[in-house]
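**Student:** Sharing a structure here in structure tokens format.
The values are calculated or read from the model by the stated rules, or taken from the named source; none is laboratory data. Model, not experiment: these values are computed from the prediction. Methodologically, a virtual Cβ is constructed for each residue, glycine included, from the backbone with ideal geometry; neighbour enumeration extends over all protein chains shown.
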Amino acid sequence: MTNSAARPRRSVLYMPGSNTRAMQKGRELPADALILDLEDSVAPEAKVEARGLIKAALDEGGYGSREIGVRTNGFDTEWGRDDVAAVAGMKCHAVVLPKVESAEMVLDAVSILEAAGAPEDMAIWCMMETPLGILNAKEIAFAHPCVGCLVMGTSDLQKDLRCRHTPDRLPFLYSLELCILAARAAGIAVLDGVHLDLSDDAGFRASCEQGRDLGMDGKTLIHPKTIDAANEVFAPAAEEVAWARKIIDAHAEAAKEGKGLVVVDGKLIENLHVEDAKRVLALSDAITAGSA
């Protein structure tokens with residue numbers, strides 16, 4: 001599974017797999033992606049039924065260009081392996097594995113998916129939410145070509161680290177940056193963890209801006225009210241898009257004259273800047289196409 005750097009993942013909303021009304025509403029929300037959940041948001045007695053509800057919702061379709069993942073229960077539970085096998089037959093883009101701590105865990109999931117007849121392009125998204133998982137971020141990111149995304153699980157990580165949620169998220173910075181490094185080295189996506197205080201709009205936006213500045217592709221969300229802010233923060237700004245077009249054009253003109261460097265508005269532009277500008281334009285175009 002090759003990851004498309006231009007695919008928007010600004011807003012990725014968790015939705016309980018046991019809630020058919022929520023999954024129906026997901027067809028209308030402006031989120032770039034949905035994670036239909038079998039884990040934390042589903043009671044033990046409802047987990048098996050939720051598999052069928054998610055499959056029925058995905059069979060019905062109507063999710064448009066939204067990317068769909070299904071989060072399973074862990075392999076240390078009675079449901080985990082059956083969840084992965086069930087997802088193999090669902091019309092979704094990715095299986096989202098909780099508490100991934102090793103490459104072996106990824107390969108175990110790959111074996112289950114293959115045995116269950118999953119499509120070759122079904123991705124595995126790995127939840128990074130334990131100390132051991134964070135320390136093994138590189139081996140997880142490179143575990144298999146189907147690994148498409150690292151998803152930060154800062155709530156569980158906070159519990160295990162015994163740290164505190166602070167406005168600047170200083171206790172999480174090493175973990176966030178380690179996963180960003182691993183994801184970028186592997187050429188895959190990386191998503192920031194959720195913001196738990198739904199009454200704290202300013203804090204949510206600040207968290208999004210920090211994640212964007214660190215290099216995250218988007219934010220995982222727990223409520224639809226936060227989608228618009230995440231979409232705004234993680235989308236290239238109009239001036240960023242204009243600058244990208246300007247330096248691409250200027251560099252192309254310089255290349256015609258045999259020059260590898262060009263100065264635009266007093267700034268030295270070389271090929272590495274052009275490559276990033278092309279990424280910005282591709283992302284902007286993909287966002288525009290998805291909202292059309």
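**Student:** Taking strands (runs of 3 or more DSSP E) that fall entirely within region 216-292, which contain at least 2 residues that are surrounded by fewer than 18 Cβ atoms within 10 Å (Cβ to Cβ)?
**Tutor:** By residue number, 262-264, 267-269.
**Student:** Can you confirm whether Leu191 is at pLDDT 95 or above and part of a strand (DSSP E or B)?
**Tutor:** yes
**Student:** What is the residue count in region 173-188 for residues that are in a helix (DSSP H, G or I) and crowded, with 20+ Cβ neighbours inside 10 Å?
**Tutor:** Here the count works out to 7.
**Student:** Can you name the number of the only condition in (1) over 20 Å from Asp121 (Cα atoms); (2) buried (at least 24 other Cβ atoms within 10 Å of the Cβ); (3) within 17 Å of the chain's Cα centre (by Cα) that Pro30 fails?
**Tutor:** Unmet for Pro30, out of (1) over 20 Å from Asp121 (Cα atoms); (2) buried (at least 24 other Cβ atoms within 10 Å of the Cβ); (3) within 17 Å of the chain's Cα centre (by Cα): (2).
**Student:** Ok, one more. Take Lys25 and tell me if it is under 21 Å from the mean Cα position of the chain (by Cα) and charged (D, E, K, R).
**Tutor:** Spelling it out, Lys25 is indeed under 21 Å from the mean Cα position of the chain (by Cα) and charged (D, E, K, R).
**Student:** Next question, about the same structure. State which residue pairs qualify: first residue more than 14 Å from Ala182 (Cβ to Cβ) and inside region 112-136, second residue at pLDDT below 95 and hydroxyl-bearing (Ser, Thr, Tyr) in any location, beta carbons under 9 Å apart, and separation of 6 or more residues or different chains.
**Tutor:** Every condition considered, the pairs that remain are Asp121/Thr2.
**Student:** Hey, any hits in region 132-149 for a residue that's at pLDDT 95 or above, of a type in the set (Lys, Arg) and over 26 Å from Asn231 (Cβ atoms)?
**Tutor:** The answer is yes, given that some residue of region 132-149 is at pLDDT 95 or above, of a type in the set (Lys, Arg) and over 26 Å from Asn231 (Cβ atoms).
**Student:** Sort out which residues of region 59-76 are out of contact with any Leu (no Cβ under 8 Å at 6 or more places or on another chain) and farther than 20 Å from Ala115 by Cα, and write them in order of number.
**Tutor:** Selection gives Asp59, Glu60, Gly61, Gly62, Gly64, Ser65.
**Student:** Do you know which residues across region 71-98 are in contact with a helix residue (DSSP H, G or I) (Cβ under 7 Å, 6 or more places away or on another chain), in contact (Cβ under 8 Å) with a residue 40 or more places away in the chain and buried (at least 22 other Cβ atoms within 10 Å of the Cβ)?
**Tutor:** Within region 71-98, Asp83, Cys92 meet the criteria.
**Student:** Having 2 or more residues that are in contact with a Phe, Trp or Tyr (Cβ under 8 Å, 6 or more places away or on another chain) is the bar; report the helices (runs of 4 or more DSSP H) wholly within region 125-172 that clear it.
**Tutor:** By residue number, 154-161.
**Student:** Here is a list: Glu49, Glu67, Glu60, Glu45. Which entry is closer than 24 Å to Gln24 by Cα and touching a strand residue (DSSP E or B) at 6+ places or on another chain (Cβ under 7 Å)?
**Tutor:** Exactly one residue qualifies, and that residue is Glu67.
**Student:** I've got another one for you. Show the residue pairs meeting these rules: Cβ distance below 7 Å; 6+ apart or different chains; first residue within region 16-32 and closer than 14 Å to Asp228 by Cα; second residue β-branched (Val, Ile, Thr) and assigned to a helix (DSSP H, G or I).
**Tutor:** Hits for this filter: Leu29/Ile227; Pro30/Ile227; Ala31/Ile227.
**Student:** For a quick check of your reading of the model, give me the residue pairs whose first member lies in region 200-223 and is among the basic types (Lys, Arg), whose second is surrounded by 15 or more Cβ atoms within 10 Å (Cβ to Cβ) and part of a helix (DSSP H, G or I), with beta-carbon atoms closer than 7 Å and at least 6 apart or on different chains.
**Tutor:** Arg205/Ala229; Arg205/Val233; Arg212/Val233; Arg212/Phe234; Lys219/Cys208; Lys219/Gly211; Lys219/Ala230; Lys219/Phe234
**Student:** Next question. Identify the residue in region 189-215 that is of a type in the set (A, V, I, L, M, F, W, C) and out of contact with any strand residue (DSSP E or B) (no Cβ under 7 Å at 6 or more places or on another chain) and, among all such residues, is surrounded by the most Cβ atoms within 10 Å (Cβ to Cβ).
**Tutor:** That would be Phe204.
**Student:** Considering only residues that are free of Cβ contacts under 8 Å to residues at least 12 places away in the same chain and over 29 Å from the mean Cα position of the chain (by Cα), look in region 224-253 and name the one that is farthest from Ser284 (Cα to Cα).
**Tutor:** Glu253
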